[in-house]
Amino acid sequence: MARYIFITGGVVSSLGKGLMAASLGALLQARGFKVRIRKFDPYLNVDPGTMSPYQHGEVYVTDDGAETDLDLGHYERFTGVSARQSDNITSGRVYRDIIAKERRGDYLGATVQVIPHVTDAIKAFALADQEDHDFILCEIGGTVGDIESLPFMEAIRQLRNELEPDQTVSVHVTLVPYIAAAGELKTKPTQHSVRELASLGIKPDVLLCRCEHPLPEGERRKIAQFCNVRAEAVIPALDAPSIYSVPQQYHAEGLDTEVLRAFGITDAPEPDLAAWEDVTDRYFNPEGEVTIAVVGKYVGLPDAYKSLNEALIHGGLANRVKVNIRWIDAEIFEKDPADIAVELEPMHGILVPGGFGERGSEGKIASVRFARERDVPFFGICLGMQMSCIEAARASGIEAASSTEFGETSEPVVGIITEWMSEEGIQKREAGGDMGGTMRLGAYEARLAGNSHVSTIYGGATQIFERHRHRYEVNSAYRGALESQGLIFSGMSPDGLLPEIVERPDHPWFIGVQFHPELKSRPFEPHPLFAGFIAAAVEQSRLF
Ligand code: GLN
């Protein structure tokens, strides 16, 4: 029997509910329990795939090809459990499915309503697709009191009533602000938030109180008294020096102990936090540092490249160095090419990440050229790999080389794919078809050339599975031209048609990948490509 932990947030958004869910999952796992974490998003998009990163941050892609909320990335990185399609639901998806059923006539005769039809669908989602899990953690997006989250709150209320009394626990994350003029932490917003939650029929068992100053015992008791929660279950959550400290910090404050106690479990083994101790030791005691330039488009919002940021840090953990990331807007190189040397010369590695659209593409291509000509370690991811191929084609004399993503071109070194093979068979898409959910998504196999650099990096493997999210593809008709210029295709799709990896054997470290390795990197298991890239950056730093 799986137990359910419902996680809601109050007072304001951005309190780190996702990180809290991931940390609680990690702590329960460290005690030997099997966990699964799910995210309920109240917005009306069917998935975040069509949203701008500025709206929503990164779109996280699962092995089974779902485009999901970036919180699923936190869950995977902290627990090592691969997320699935069935771990993220949105109001848009619920309504889409219900309306499709209504049109089919599945509800003939009935009035289709939020209660019970929408709430039933949400409950079914919470209960579906589970194995022998001990705990399913369900994080509800948004803030208590939002109109759009009401059906989710109602579904939780019903589930709490329908499941066994000791089968569900409600954790509410709130803010206890510090008012400088009064020199005090204020508990009133928390009281209001809990009252709002209670008015929806949900009584929290554990409160996680985010605060910038330590929560005095008196304030803790006051919150307990007004919010009907045991004082020990009011967990102070001070800002952490790093996200990697959060599981240990929350454990020290009693979060996992109190959640277990709320289930009536008092004899669980203590968590084994050795892996987290190793991660924090590496993070806080680096033996050197490197600086990596990430030349992209959405550089104003760190969440747009969340997994990339984390994977670079993981690469640093593997090499015991601190990784400084210099986020550079590719467009600045288009305005003044002299900036390229100024910005990139001090860098120990250059990374061109995934992205969409033409804006900044010439700046990215110029960055690839700089890395190639100056022997600076280069890592191209998805669009970054495509740019490295366009750069090589231009260097080989094909001056008009471009991508059809940027408009019509006589030299489509990168072009749209309308057909490809997946495990389910041949996949097709219309060139002008729907944008939502129609990319080549999820885990696909790549075959690696036996004597390649990339095969060495993957420990001699010749077959790998990595996650994809792209619509365009390097056109293998240009393979000869690119190879003549020194850029070889060292990884291909199993049918030999789609280039998956390119590399330059005559360069210290130059690799482009069509997939997103950052999505599979974890602090305990840094992705080999990021570990290798940072190792090369360490070498580069020794030349300075
Ligand atoms: N825009 C490119 C494509 O669709 C690259 C996508 C990406 O970088 N994720 O193929």
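The values are calculated or read from the model by the stated rules, or taken from the named source; none is laboratory data. Note that the coordinates shown come from a computational prediction; the quantities given were computed from them, not determined experimentally. Because the Cβ atoms are built from the backbone with ideal geometry, glycine has one as well, and the counts that use them run over all protein chains shown. Ligands, DNA and RNA are excluded from the accessible area calculation, which covers all protein heavy atoms including side chains. Shrake-Rupley method; radii C 1.70, N 1.55, O 1.52, S 1.80 Å.
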Crossing angle, helix 361-374 versus the chain [Cα axis fit, 0-90 degrees, rounded to tens]: 60 degrees
If one takes the longest principal axis of the Cα atoms in the chain, at what angle in degrees, from 0 to 90 and to the nearest 10, does the Cα axis of helix 274-284 lie? 60 degrees
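Restricting the count to DSSP beta bridges whose residues both fall in the chain, what percent are antiparallel, rounded to a multiple of 5? The partial results should precede the final answer.
Numbers: 29 of 80 bridges.
If we restrict to bridges inside the chain, about 35 percent are antiparallel.
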By what distance, in whole Å, do the Cα atoms of the chain stretch along each of the three principal axes, largest value first? 74, 63, 44
Please report the net charge: other residues with Cβ closer than 10 Å to the Cβ of K39, K and R +1, D and E -1. -3
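Gain in length, F226 to Q463, computed as 0.36 nm per residue apart minus the alpha-carbon separation, to one decimal in nm? Present the calculation step by step, with values, prior to reporting the outcome.
Values: separation 237, 0.36 × 237 = 85.32 nm, distance 5.83 nm.
The span from F226 to Q463 would gain 79.5 nm if fully extended.
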Sorted largest first, the Cα spans of the range 235-386 on the principal axes come out in Å as 63, 33, 25
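If r is the Cβ-Cβ distance from F284 to S13 and R0 is 41 Å, what FRET efficiency results, to the nearest 0.05?
On the way: r = 29 Å, r/R0 = 0.71.
It comes to 0.90.
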Take the alpha-carbon centre of the range 449-483, take the same for the range 45-77, and report the distance between them in whole Å. 25 Å
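Going by average Cβ neighbours within 10 Å, how do the peptides 536-544, 457-465 rank, with the highest at the top?
Numbers: 536-544: 16.4, 457-465: 14.6.
Highest mean packing first, the order is 536-544, 457-465.
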Between the range 245-275 and the range 144-184, how many Å separate their Cα centres? 20 Å
The equivalent-ellipsoid semi-axes of the range 178-317, taken as the square roots of five times the Cα gyration tensor eigenvalues and listed largest first in whole Å, are 34, 21, 16
In the range 264-350, what is the volume of the convex hull around the alpha carbon atoms, normalised per residue and reported in Å³? 111 Å³
Using a Förster radius of 51 Å, what is the FRET efficiency between E525 and A341 based on their Cβ-Cβ separation? Nearest 0.05, please. 0.90
Quick one: give the max-minus-min coordinate of the C-alpha atoms of the range 51-123 along each principal axis, largest first, in Å. 47, 27, 20
For the range 433-544, what Kirkwood radius comes out of the mean inverse Cα-Cα distance, in Å? 15.1 Å
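How would you order 50-60, 264-274 from highest to lowest mean count of nearby Cβ atoms within 10 Å?
On the way: 50-60: 18.2, 264-274: 11.9.
Sorting 50-60, 264-274 by mean packing, highest first, produces 50-60, 264-274.
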Rank K520, K335, K188 by accessible area, highest first, at a 1.4 Å probe radius? K335, K188, K520
Long pairs among K34/K101; K101/K203; K39/K297; K101/K123, criterion Cα-Cα beyond 23 Å: K34/K101; K101/K203; K39/K297
Using a simple spin-label model with points 7 Å from Cα along the Cα→Cβ vector, what separation in nm is obtained for S199 and A275? 4.3 nm
Give the peptides 467-473, 159-165 in descending order of average Cβ contacts within 10 Å, highest first. 467-473, 159-165
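For the range 167-241, take the alpha-carbon Rg, divide it by the Kirkwood Rh, and send me Rg/Rh.
On the way: Rg = 12.1 Å, Rh = 12.5 Å.
Using Cα coordinates only, the ratio equals 0.97.
Rounded to whole Å and sorted largest first, what semi-axes of the equivalent ellipsoid does the C-alpha gyration tensor of the range 58-178 yield via the square root of 5 times each eigenvalue? Spell out each step's value before the answer.
Working: eigenvalues 127, 77, 52 Å².
For the range 58-178, the ellipsoid semi-axes come out as 25, 20, 16 Å.
Which translational diffusion coefficient, to the nearest whole µm²/s, is obtained for the range 491-542 from the Stokes-Einstein equation, given a Kirkwood hydrodynamic radius over C-alpha pairs, 25 °C and 0.890 mPa s? Don't skip to the end; give the middle numbers.
Numbers: Rh = 12.5 Å.
Translational diffusion coefficient: 196 µm²/s.
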Expressed as an acute angle from 0 to 90° and rounded to the nearest 10, what is the orientation of the C-alpha long axis of helix 528-543 relative to the principal long axis of the chain? 60 degrees
Can you give the accessible area of E232, probe radius 1.4 Å, in Å² rounded to 10? 90 Å²
Given a 1.4 Å probe, how much area per residue of the range 262-338 is accessible, in Å²? 45 Å²
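What 222 nm value per residue comes from the helices of the chain, counting each DSSP H run with n ≥ 4 as -39,500 (n - 2.57) and dividing by all residues, nearest 500 deg cm²/dmol?
Values: 19 runs with 192 residues, N = 544.
One gets -10500 deg cm²/dmol as the mean residue ellipticity at 222 nm.
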